Amino acid sequence: MPGDIVRAKVPITFMYKNRVGQALEQYINGLKERKILGVKCPTCKKVYVPPRTVCGKCHKRIDQMVEVDQEGILKNFTIAYVNIVNGEITDERQPYVIGLIKLKGASSLISGIIKTPSLNDVKTGMKVKAVWKETTQGDYSDLAYFEPA
Ligand SMILES: [Zn+2]
């Protein structure tokens, strides 16, 4: 029937533990200290956040860690109306924004939740800054979200 929403259970879960590797390990340890770390290619000077071990442009191994700014520009975003909890898609009571942010000093984009008083306040090109959890523990979620700067 037109207008009806078809719903189906999706039996997937993202709860897994794996060794993240040296570069991401340093990134996550940096988050615990409320620092956002990237890695800089000595040849082309690109700064990747989160860090990676090989430059996507030069294909050379890179390991020079650099701290990037906690402010950046929102380059793109989408509004999410669902979440995945324990493998099941759930409706969000409040739609939320997932953004792609180019931090000052970084060449790549990172994704993050964007919080603004209203969804209508979210615009590409706006300045945003990182907001940290009150207590950080060395986890991706230490960087809680981004808000207007
Ligand atoms: Zn390079």
Below 11 angstrom from the Cβ of residue 71, what's the summed charge of the other residues (Lys, Arg +1; Asp, Glu -1)?
+2
Using modelled backbone amide H atoms (1.01 Å from N, in-plane), which distant-in-sequence or interchain residues come within less than 5 Å of residue 145's amide H?
131
Give the relative contact order (percent, whole number) for segment 22-148; include only Cα pairs under 8 Å separated by 6+ residues.
25
Taking the alpha-carbon centre of each part, the distance from segment 9-49 to segment 95-149 in Å is 16
Measure nothing but the geometry: give the 0 to 90° angle between the long axis through the Cα atoms of 22-32 and the longest principal axis through the Cα atoms of the chain, rounded to 10°.
70
Under a Cβ-only charge scheme (Lys and Arg +1, Asp and Glu -1), can you give me the dipole magnitude of the chain about the Cα centre, in debye to the nearest 20?
700
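Laboratory data are not the source of any read-out in this text; all were calculated from the coordinates shown. This structure is a prediction, so every number in the text was calculated from the model and none was measured. Cβ sites come from the backbone with ideal geometry, for glycine too, and all protein chains shown count toward neighbours.
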